[in-house]
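The values are calculated or read from the model by the stated rules, or taken from the named source; none is laboratory data. This is a predicted model, so every value here is computed, not measured. Neighbour counts run over all protein chains shown; Cβ positions are idealised from the backbone, glycine included. Ligands, DNA and RNA are stripped out before the accessible areas are found, and what is left, the full protein with its side chains, is counted by its heavy atoms. Shrake-Rupley method; radii C 1.70, N 1.55, O 1.52, S 1.80 Å.
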Amino acid sequence: MGYITWSLLLIALLLGLVSWYRSHLREKEEERLIEEEIEKEKASAEERKKLYRDMDKSELLKYDGKDGKPIFLAARDMIFDVTTNPDSYGPDGGYGIFAGKDASRGLGKMSLDEEDVDDRTDIKDFGSYEVETLDQWIHMFLHKYPIVGRLKDAENGNIPDSWIEQMKKEKAEGKDRSIIPGGLGGDDK
């Protein structure tokens, strides 16, 4: 092979190495940005934990996701932190009407009408279908979102004892979903 062929091969090799190195640097930068975002979310979660406690409906109203506030919602007597899903529960989210409120009635009726969230929150008139629908929502929340505390002035009953027992069992196995000290409002000793 002649001088020109070796030169071309060397240039191609150098270009390949430069391309690989640039790609490697981009990957490292992406990894750094991801780590940075994870650390920010951890810090944000730690700050939200300071707000976790039992509260009544008037206190819950403060946590509607507006002005950078966390997003909490209640179902039956349990309050959940849904801040990590602002696209759904934030002020402009599809379920944003539930933010900072007892969402029991709206969830059970699968309704986004103000009358089912703001005007009336009880579930006294629910049939078995609506109760089952509400309970399915609560099961999803229990598996997806941290528990903030209990709704002090809940009018829609407590979550079933069997669910609390299941959560206690999972906690004993090291799978605790509750972030509040003591677990479920301190009654799971």
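Annotations for the structure displayed:
- Check on I97, open to solvent by 30 Å² or more (accessible area, probe 1.4 Å) and of a type outside the set (D, E, K, R): yes
- The residues of the range 114-124 that are in contact (Cβ under 8 Å) with a residue 24 or more places away in the chain and surrounded by fewer than 18 Cβ atoms within 10 Å (Cβ to Cβ) amount to a single one, D122.
This table checks each residue for (1) over 18 Å from R53 (Cα atoms); (2) open to solvent by 10 Å² or more (accessible area, probe 1.4 Å); (3) touching a residue at least 40 places away in the same chain (Cβ under 8 Å).
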| residue | (1), (2), (3) |
| --- | --- |
| V82 | no, no, yes |
| D92 | yes, yes, no |
| L107 | yes, no, no |
| L112 | yes, yes, no |
| F126 | yes, yes, no |
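- Those residues of the range 47-75 which are free of Cβ contacts under 8 Å to residues at least 24 places away in the same chain and open to solvent by 100 Å² or more (accessible area, probe 1.4 Å), in sequence order: E47, K50, D67
- Of the residues screened, L14 is one that is modelled with pLDDT of 90 or more, hydrophobic (A, V, I, L, M, F, W, C) and part of a helix (DSSP H, G or I).
- From the options K62, K50, K40, residue that is at pLDDT 90 or above and basic (K, R): K62
- Hits in the range 156-167 - residues which are closer than 14 Å to L134 by Cα and open to solvent by 70 Å² or more (accessible area, probe 1.4 Å): N158
- The lone exception for A172 - which of (1) among the aliphatic types (A, V, I, L, M); (2) at pLDDT below 75; (3) surrounded by fewer than 12 Cβ atoms within 10 Å (Cβ to Cβ) it fails: (2)
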